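Heads up, the thing below is written out as structure tokens.
The values are calculated or read from the model by the stated rules, or taken from the named source; none is laboratory data. Here the structure is a predicted model, which means the values were calculated and not measured. Cβ: placed from backbone, ideal geometry, glycine included. Neighbour counts: every protein chain shown.
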Amino acid sequence: MGSSPCDRPTFSSYSEAARKRWADPVYRARTCAAFSRAGLKRRGRKRPPFSKEWCQNLSAAARGKKRGPCTKERSQNISFALKGRKLTKECRERISRALKDRGPFTKEHRESLSRAQMGRKHTEREKENMRRRRAKQVFPLRDTKIEVLTRSHLHFLGVSFRKHAEIVGMRRLGIFHQFDVMLPARRMVIEVDGCYWHGCRKHIKKQNGMHKRNRARDRKIDRAACSLGWKVIRLWEHEIKVGDFSKLRIALSPA
Ligand SMILES: [Zn+2]
């Protein structure tokens, strides 16, 4: 170690407690690291190479210590550093051993996971991410009853359609959305809106924040589709349930 500040041997003026603390390698390494950081900052000097003992001390100090929050910059640095790097054989074996021993989640673990989620609401950002993922799904959510009814009516009218389709170019406008039904030949999309989720004026008298947000989103989608030359037809749940497809018939009838 030679000239490193860690080796300062004069303890004469230190208390017994201080000496004991200093004898602890973890404490010593931490303090030395802090000293050297401070010194480096002050003098702008280049760091001397770490001795073996010093490295061991540092790793002992870091063991079990939690890192601060991973900033974006840090995670980028890590990913750059790891890019194109291959794991050593030993490392790969270690990982595979660890995975082999893990086994399925225990019941307790699953319960604790679900407890952690309980009562937690998704943030707007999470919701947007979910929408994005859903828009890319080949087989999205299960079809709702009103969607099925609408499609069977289209079958009855003899109109061919696609379901759960995206309009090309919508993503570029920042909108990730699959339309319930698409009639590509007519450049027309049909949205089937549930009364509760989309807040129809007839059944939802008191519009809350969710309804306002959803309606605003619907309008945004309509505008985007319109700007790309598509026509959007919105059918309400209460219309479909009584078999009122007049909007659809009017839109489909040759003008
Ligand atoms: Zn309604």
Problem - the stretch 234-246, subset in a helix (DSSP H, G or I) and touching a Phe, Trp or Tyr at 6+ places or on another chain (Cβ under 9 Å), residue nearest to the ligand (Cβ to nearest atom) - result: E237
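Working carefully through the options R134, R125, R172, find the one that is in a helix (DSSP H, G or I), modelled with pLDDT under 85 and either exposed (fewer than 10 other Cβ atoms within 10 Å of the Cβ) or touching a Gly at 6+ places or on another chain (Cβ under 9 Å) (or both). Give the derivation first.
Values: R134 fails: either exposed (fewer than 10 other Cβ atoms within 10 Å of the Cβ) or touching a Gly at 6+ places or on another chain (Cβ under 9 Å) (or both); R172 fails: modelled with pLDDT under 85.
On inspection, the qualifying residue turns out to be R125.
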Problem - Residue ID - farthest from the chain's Cα centre (by Cα), chosen from residues in the stretch 193-233 that are within 12 Å of the ligand (Cβ to nearest atom), closer than 18 Å to F245 by Cα and not in a helix (DSSP H, G or I) - result: K202
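Of the residues V148, V168, V181, V189, only one is closer than 22 Å to R133 by Cα, out of contact with any strand residue (DSSP E or B) (no Cβ under 9 Å at 6 or more places or on another chain), of a type in the set (V, I, T) and away from the ligand (no atom under 16 Å from the Cβ); which? Break it down stepwise before answering.
Numbers: V148 fails: closer than 22 Å to R133 by Cα; V181 fails: out of contact with any strand residue (DSSP E or B) (no Cβ under 9 Å at 6 or more places or on another chain); V189 fails: out of contact with any strand residue (DSSP E or B) (no Cβ under 9 Å at 6 or more places or on another chain).
Only one candidate qualifies: V168.
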Completion exercise
Result of the Cβ filter at 6 Å on the stretch 192-207, keeping first residues that are within 18 Å of I233 (Cβ to Cβ) and partners that are within 9 Å of the ligand (Cβ to nearest atom) and part of a helix (DSSP H, G or I), at least 6 apart or interchain, is G194/E237; C195/E237; C195/H238
Problem - Tally, over the stretch 167-189, of residues that are in contact with a helix residue (DSSP H, G or I) (Cβ under 8 Å, 6 or more places away or on another chain) and charged (D, E, K, R) - result: 3
Practice task
May I ask you to list the residues in the stretch 67-107 that are assigned to a loop (DSSP other than H, G, I, E, B) and under 23 Å from the mean Cα position of the chain (by Cα)?
Solution key: R67, G68, P69, C70, T71, K83, F105
Exercise for the section: Output the number of the condition that C226 fails; it satisfies all remaining conditions of (1) in contact (Cβ under 8 Å) with a residue 40 or more places away in the chain; (2) surrounded by fewer than 16 Cβ atoms within 10 Å (Cβ to Cβ); (3) touching a strand residue (DSSP E or B) at 6+ places or on another chain (Cβ under 9 Å). Expected result: (1)
